[in-house]
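Below is one structure, written out as structure tokens; comments come after it.
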Amino acid sequence: MAFTLLPLPFARDALVPYLSSETIDFHYGKHHQAYVTNLNNLTEGKPQAQQTLEQIIMGTEGPVFNNAAQVWNHTFYWNSLKPKGGGEPRGELAQAMTRDFGSFAKFKEEFTQAATTQFGSGWAWLVVENGKLKVVKTSNADLPMKHNQTALLTLDVWEHAYYIDYRNARPKYIETMFNNLLNWDFAAKNLSNAK
Ligand code: MN
């Protein structure tokens with residue numbers, strides 16, 4: 001069974017003006033699609049073609065891992081954004097942030113620092129590790145499930161994620177996602193599933 005590009009959880013112009021349709025067309029339509037196509041080409045006729053994405057991610061390294069992980073990472077990223085998102089989480093997630101970071105502001109500072117300082121291509125994540133919230137950053141296709149962590153939310157900081165709309169201004173992209181698009185409902189659902 002071939003791997004497929006999952007539909008976006010919103011319309012391609014739903015994140016305007018914070019992420020343009022052109023960014024979505026390239027990031028989802030070209031980059032994300034290319035990882036799916038590459039993964040199908042690399043696994044065609046092999047036992048991996050019958051495995052789940054997660055099984056491939058946990059069981060491989062190299063090009064097969066890179067493409068499988070990037071398929072997973074991007075689906076997770078699209079779900080980490082939503083129109084009229086941003087602001088602060090409420091409920092259990094907010095309480096866990098206060099418990100583990102001190103406050104939402106402290107969490108935001110730590111996440112922004114991770115996303116800004118990830119050198120080159122990669123990802124910033126809010127994860128759960130041993131029952132505790134934590135901010136981590138990963139390079140290239142690397143992701144929390146390879147490190148016994150459960151991902152709650154991610155931000156893609158590869159240049160292709162922001163260059164069309166923000167050029168080289170990665171910090172402005174991060175701040176805009178915090179203010180307008182981060183999907184705390186998705187993160188809260190992942191936290192409740194992590195128990
Ligand atoms: Mn990307």
Distance cut-off 22 Å, Cα to Cα: go down the list Lys106/Lys132; Lys146/Lys195; Lys30/Lys172; Lys30/Lys146 and report the pairs above it. Lys30/Lys172; Lys30/Lys146
To the nearest 0.05, what FRET efficiency results for Ser121 and Gln33 with a Förster distance of 22 Å applied to their C-beta separation? 0.80
Extension gain, Ser21 back to Glu109 (0.36 nm per residue minus Cα-Cα distance, nm): 28.8 nm
Using only the Cα atoms of segment 1-134, construct the convex hull and provide its projected area averaged over every direction, in square nanometres to one decimal. 9.7
Trypsin sites (Lys or Arg not before Pro), restricted to segment 127-191: which are DSSP loop and have at most 11 other Cβ atoms within 10 Å? Arg167
Could you give the nm distance between label points at Asn148 and Arg99, where each point is 7 Å from its Cα heading toward the beta carbon? 2.0
Normalised contact order of the chain, rounded percent, pairs of Cα under 8 Å and 6 or more residues apart: 25
About the Cα centre of the chain, how large is the charge dipole given +1 on each Lys and Arg Cβ and -1 on each Asp and Glu Cβ? Please answer in debye to the nearest 20. 340
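Kindly identify segment 74-122 as rounded, prolate or oblate by the Cα gyration tensor criterion: order the square roots of the eigenvalues as a ≥ b ≥ c, call it rounded if a/c is under 1.5, otherwise compare a/b with b/c, prolate if a/b is larger, else oblate.
Details: a/c = 2.28, a/b = 1.21, b/c = 1.88.
Oblate, because a/c is 1.5 or more while a/b does not exceed b/c.
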Length gained when the stretch Lys189-Lys84 is fully extended (0.36 nm per residue, less Cα-Cα span): 36.0 nm
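Would you mind giving the average projected area, over all directions, of the Cα convex hull of segment 104-170 in nm² with one decimal? Walk me through the numbers on the way to the answer.
On the way: hull surface 18.5 nm².
Spelled out: convex hull of the Cα atoms, projected over all directions, averaged, 4.6 nm².
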Principal axis extents for segment 47-195, Cα atoms only, whole Å, descending order, please. 45, 39, 26
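Can you give the Kirkwood hydrodynamic radius of segment 21-79 from its Cα pairs, in Å with one decimal?
One decimal place: 11.7 Å for the Kirkwood radius.
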Once you list every other residue whose beta carbon is under 12 Å from the beta carbon of Leu155, what net charge do they have if Lys and Arg are +1 and Asp and Glu are -1? +1
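None of the figures in this text is laboratory data; all of them are computed from the coordinates on show. Here the structure is a predicted model, which is why all the values come from computation and not from measurement. Positions of Cβ are generated from backbone atoms using ideal geometry, with glycine treated the same way; all protein chains shown enter the neighbour counts.
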